[in-house]
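The structure appears below as structure tokens.
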Amino acid sequence: MSKTKLGLLLVLLLAIVAIIWWLPPDLLTLDNLKARQTDIELYRSKHPALAVFLFCSIYIVFTALSIPGAVFLTLIAGAIFGLLYGTIWVSISSTIGATLAFLISRFFFQQAVKQKFGDRINNIEENLKKDGAFYLFSMRLVPAIPFFVINLVMGLTPIKTSQYILASWLGMLPGTAVYVNAGTQLSKLDSLSGILSPPIIISFLLLASFPYIARKLLSILKK
């Protein structure tokens, strides 16, 4: 890795450490969000455009730097912007942030990681060659796979940025809508465990497998 990359990487790491150090430990917790909901809604009503700008900026930074907290920010979006606009702002911000994380991973780590873990990355690349953007789309729909892991891993592959953006946006959209909708009922939430109920998880898994099922059916019809 060149000195320029090392310097930029150090700046990013320092930024992550500074943000985590600055954030109060209980800031992004369900109880704290519920306690501050009225204040946040009041600020949004007085400064609507600025509230959107600040929210989207914070969401993009958290996602791009892989800082935990996106779930709580998504709940905030539902609480203060409602289902429609909350989904729109989160969808835009999460896609931009995920793309930046993807590009950061590709710029800093692609060559070094592939040299050490080439075999593991090759398996992912083979799946991408076989299924294209459907593979990434399916990964986005599986709740068990953390989004930040997908962002970083995909940056190590040769997938086109345009394909990554489109597949990520579509794949993250259902989960975004679910969490934003939960945020509209923030005052009634007791925990995060009830948001992804078994029927919703099953729906995501079925949606993730749909491209492969459709491809199999097409192959059978052709035969």
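Side notes on the structure shown:
- Test: L75 is of a type outside the set (G, A, S), part of a helix (DSSP H, G or I), without any contact (Cβ under 8 Å) to a residue 24 or more places away in the chain and out of contact with any Asp or Glu (no Cβ under 6 Å at 6 or more places or on another chain): no
- Any hit, region 94-116, residues being at pLDDT below 90, farther than 21 Å from I60 by Cβ, among the basic types (K, R) and surrounded by 14 or more Cβ atoms within 10 Å (Cβ to Cβ): yes
- Being assigned to a helix (DSSP H, G or I) and either in contact with a strand residue (DSSP E or B) (Cβ under 8 Å, 6 or more places away or on another chain) or of a type in the set (A, V, I, L, M, F, W, C) (or both) is a property that I67 lacks.
- Residue check for R36: assigned to a helix (DSSP H, G or I), over 20 Å from P146 (Cβ atoms), of a type in the set (D, E, K, R) and at pLDDT 90 or above: no
The values are calculated or read from the model by the stated rules, or taken from the named source; none is laboratory data. Everything numeric here is computed off the predicted structure, so don't read it as measured data. Neighbour counts run over all protein chains shown; Cβ positions are idealised from the backbone, glycine included.
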